[in-house]
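This report refers to the structure that appears directly beneath it.
The values are calculated or read from the model by the stated rules, or taken from the named source; none is laboratory data. Predicted model, so just to flag it, every value in this text is computed and none were measured. Every residue, glycine among them, receives a Cβ derived from its backbone with ideal geometry; neighbour counts consider all protein chains shown.
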Amino acid sequence: MKYVLMYTSTPELMADVPAERQQEVYQAIYGWFGKYADSFADGGAELQEPTTATSVKSAAADGAPVVVDGPFSEAKESIGGFSVVDVDDLDVAIGMAKEWPMLVLPGCAVEIRPIVDHSDDMPM
């Protein structure tokens with residue numbers, strides 16, 4: 001089963017973490033990706049800061065979509081990256097997420113969502 005792991009953090013809380021500690025954890029992330037390399041269905045991606053985001057929102061009163069600077073979500077946490085994993089079940093994905101190195105830092109989390117497979121719905 002394929003799942004998306006979305007790596008989130010709360011920038012305000014991360015601001016208090018010393019740069020050296022953040023770098024230590026970042027190095028541990030490379031080890032985590034190495035440990036689970038066989039589970040990744042793709043390379044995933046680390047995302048740039050939310051301030052670099054551009055969002056296209058639902059239509060305005062005139063029916064035209066609206067383009068705005070900034071992330072779509074007004075949440076306190078931001079998505080820093082994602083990976084697609086192909087594992088036996090949710091328990092395996094949870095086990096991986098529990099070992100995400102960033103969880104030792106305040107305000108960090110991993111959101112896990114199953115992927116909807118529409119491959120049989122698409123005309124060939």
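Miscellaneous remarks
- The set of residues in the stretch 22-62 that are basic (Lys, Arg) and over 18 Å from TYR3 (Cβ atoms) contains only LYS57.
- Residue ID - nearest to GLU99 (Cα to Cα), chosen from residues in the stretch 3-31 that are surrounded by 15 or more Cβ atoms within 10 Å (Cβ to Cβ) and of a type in the set (Phe, Trp, Tyr): TYR7
- Only residues that are among the aliphatic types (A, V, I, L, M), touching a Phe, Trp or Tyr at 6+ places or on another chain (Cβ under 8 Å) and assigned to a strand (DSSP E or B) were counted in the stretch 44-68, giving 1.
- Only one of the listed residues (GLY95, GLY107) is closer than 16 Å to MET6 by Cα, surrounded by 11 or more Cβ atoms within 10 Å (Cβ to Cβ) and touching an Asp or Glu at 6+ places or on another chain (Cβ under 9 Å). That residue is GLY107.
- Answer from GLY63, GLY34 - the residue that is at positive phi, surrounded by fewer than 10 Cβ atoms within 10 Å (Cβ to Cβ) and over 16 Å from the mean Cα position of the chain (by Cα): GLY63
- Residue satisfying condition, being touching a Cys at 6+ places or on another chain (Cβ under 7 Å) and either in contact (Cβ under 8 Å) with a residue 60 or more places away in the chain or part of a helix (DSSP H, G or I) (or both), within set MET96, MET102: MET102
- Filter pass, GLY81 being in a loop (DSSP other than H, G, I, E, B) and in contact (Cβ under 8 Å) with a residue 12 or more places away in the chain: no
- Candidates are the residues of the stretch 105-124 that are under 23 Å from PRO18 (Cβ atoms) and in a strand (DSSP E or B); the one that is farthest from the chain's Cα centre (by Cα) is ALA109.
- Pairs where the first residue, in the stretch 2-13, is in a strand (DSSP E or B) and among the aliphatic types (A, V, I, L, M) and the second is buried (at least 16 other Cβ atoms within 10 Å of the Cβ) and modelled with pLDDT under 90, C-beta under 9 Å, 6+ apart: VAL4/GLY44; LEU5/GLY44; MET6/ILE79
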